[in-house]
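To start, the structure itself, in structure tokens.
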Amino acid sequence: MKINTKELLYGALLTALALMIPLLFRGWLQIVIPPFTATLGSHVPVMLAMFISPLVAALVGVGSTVGFLITLGPVVAARAAIHIIFPAIGAVMLRKGFKPWQTLVIIGPIHAVGEALVVMPFGFTAYSALVVVGVGTLLHHSADAAITIALHGALSKAGVKFT
């Protein structure tokens, strides 16, 4: 799979945002209920990357994972590693003709279950993993999906073409 210059540029900008959000918003716009954390807007770069390509979406997810590893440690980074998978799936869905809102709704449970399952090997209870992390992630995904839809619409009206 090839990446053209425009996709590389957009991917690099979104990766920079994915790194900056956890670094700059730590303690601000952040909710912490261990093992769950939520930084408002942290999913927006990977969700926007879905509109570019599956590869770019996955690579921006890697940047997001690194940002959370630096700021919040290995458990949150393991959860953030799901940011490599769910946007790549979303990008494939968009390429198959799904509407953006449909895609974001369908990948929400994939995102939530993925983050819930990944904390279980770290010794968290099923309740903490499935309810606190799973439900928390689904709510956080929904808020960031709404931001993404609004931002994608504004960028499209401004003439930004993602693909």
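Read-outs: derived from the displayed coordinates by stated rules, not from any lab. Quantities reported herein were computed from a predicted structural model and do not represent experimental measurements. No Cβ is skipped: glycine too gets one built from the backbone with ideal geometry, and neighbour counts run over all protein chains shown.
Suppose the filter is of a type in the set (Ser, Thr, Tyr) and touching a helix residue (DSSP H, G or I) at 6+ places or on another chain (Cβ under 6 Å); does Thr103 pass it? Yes. Taken as a whole, the condition of being part of a helix (DSSP H, G or I), in contact with a helix residue (DSSP H, G or I) (Cβ under 6 Å, 6 or more places away or on another chain) and not hydroxyl-bearing (Ser, Thr, Tyr) applies to Val118.
For Val131, the test of being loosely packed, with under 14 Cβ neighbours inside 10 Å, among the β-branched types (Val, Ile, Thr), in contact with a helix residue (DSSP H, G or I) (Cβ under 9 Å, 6 or more places away or on another chain) and without any contact (Cβ under 8 Å) to a residue 40 or more places away in the chain is passed. Checked against (1) closer than 29 Å to Gly123 by Cβ; (2) in contact with a helix residue (DSSP H, G or I) (Cβ under 6 Å, 6 or more places away or on another chain); (3) not in a helix (DSSP H, G or I), Ile52 meets all criteria but (1). Note on segment 64-120: among residues that are surrounded by fewer than 18 Cβ atoms within 10 Å (Cβ to Cβ) and of a type outside the set (A, V, I, L, M, F, W, C), the one that is nearest to the chain's Cα centre (by Cα) is Pro109. Can you find a residue in segment 18-33 that is in contact with a Leu (Cβ under 7 Å, 6 or more places away or on another chain), within 22 Å of Lys161 (Cα to Cα) and crowded, with 23+ Cβ neighbours inside 10 Å? There is no residue in segment 18-33 that is in contact with a Leu (Cβ under 7 Å, 6 or more places away or on another chain), within 22 Å of Lys161 (Cα to Cα) and crowded, with 23+ Cβ neighbours inside 10 Å.
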